[in-house]
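Read through the structure below, which is laid out as C-alpha cells, and then see the notes.
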Amino acid sequence: MDYPPTGDDAKAFIDSFTPDRVCADVLAVADAIGAKRFAWYGYSWGGVVGLQLAAKNERLTALVCGGWPPLGALHRDMVSWAERVAESTGLPDWAMTVTYYRGLLTWAEREDVSSITCPRMAFAGSDDVVVSEGTTFRVGPLLAEHRAELENMGWTVQLVDGQRHDLFMKPEIVVPIVRGFLDSLLVNV
C-alpha cells in the first residue's frame, strides 16, 4: 500500500485526510485482498493509524504500536508542529498531516485505548525524544510514564534501552521484538 499520498498526489487529500478516511482506506485494501481479519504493525504515524483501526473495528487480530505512546499522545503538539512545517515548506503532505492530527484532538484516547481487546503491544526506544521545529516529542518517556496503566489494560509494553526514534531503521532489534510478540500469539491459535 503506497500510502499516504505524497507530493502532488497529496493535494486532493488535504481536506479529507482524517483518521476515519485513513481507516476506511486501509480497510478497503484489506477487503480488496480478502483479509477479513489481519494484524497491524505500525511505527510512529503507522502506530497512530493502528490505534485508530483497533479502536474503531474488530478486524484486528493483533496490534503492534511502535514509536508512539498509546496514552498521553502528542496530537496537539503534532498539529502545531505540522502547521509550522506546512507553512514553511508549502508542501501538501504537511497540510494533509495537519488535517489528520486535528481529527484526533477530540479523540477519547483513554476510553478508546482501554476498549481495544485484540492482543496489543507498544514499544519504543527509552531515549526516543524528537526535537523538531521547536517542538519536543517525548515518545519513549511517555510510554514509560504510562507503562503500568497500559499493562493493567492488557498491553505488552517494551522499552528498548538507549534507542531513539530511528529504532524502526534497525531490523536486527525491531524484528525480534515484533516476531516475539506475534509468534507467541500463533501458539495460541
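Return yes when PHE137 is in contact (Cβ under 8 Å) with a residue 60 or more places away in the chain and crowded, with 17+ Cβ neighbours inside 10 Å and no when it is not. Yes. Among the residues of the range 37-84, the one identified as polar (S, T, N, Q) and closer than 14 Å to PHE123 by Cα is SER44. Residues in the range 70-102 that are among the hydrophobic types (A, V, I, L, M, F, W, C), surrounded by fewer than 21 Cβ atoms within 10 Å (Cβ to Cβ) and touching a Gly at 6+ places or on another chain (Cβ under 9 Å): LEU91 alone.
Which one is surrounded by the most Cβ atoms within 10 Å (Cβ to Cβ) among residues in the range 123-134 that are assigned to a strand (DSSP E or B) and in contact with a helix residue (DSSP H, G or I) (Cβ under 9 Å, 6 or more places away or on another chain)? Among them, the one singled out is ALA124.
Can you tell which of GLY140, GLY154 is over 18 Å from GLN52 (Cβ atoms), assigned to a loop (DSSP other than H, G, I, E, B) and in contact with a Pro (Cβ under 9 Å, 6 or more places away or on another chain)? Outline the logic, then answer.
Numbers: GLY140 fails: assigned to a loop (DSSP other than H, G, I, E, B).
Only one candidate passes the filter, namely GLY154.
Filter the range 21-45 down to residues that are assigned to a helix (DSSP H, G or I) and either over 8 Å from the mean Cα position of the chain (by Cα) or buried (at least 18 other Cβ atoms within 10 Å of the Cβ) (or both), then give me how many there are.
Initially, the range 21-45 is screened for residues assigned to a helix (DSSP H, G or I), giving 21-32, 45.
Those still in the list that are either over 8 Å from the mean Cα position of the chain (by Cα) or buried (at least 18 other Cβ atoms within 10 Å of the Cβ) (or both) too: 21-32.
Matching residues across the range 21-45 total 12.
You will find that of ASP31, ASP8, the residue that is touching a residue at least 12 places away in the same chain (Cβ under 8 Å), over 29 Å from ASP128 (Cβ atoms) and out of contact with any His (no Cβ under 8 Å at 6 or more places or on another chain) is ASP8 and no other.
Only the coordinates and a few stated rules stand behind these numbers; no lab work does. Quick caveat: nothing in here was measured; it's all calculated off a predicted structure. Cβ: placed from backbone, ideal geometry, glycine included. Neighbour counts: every protein chain shown.
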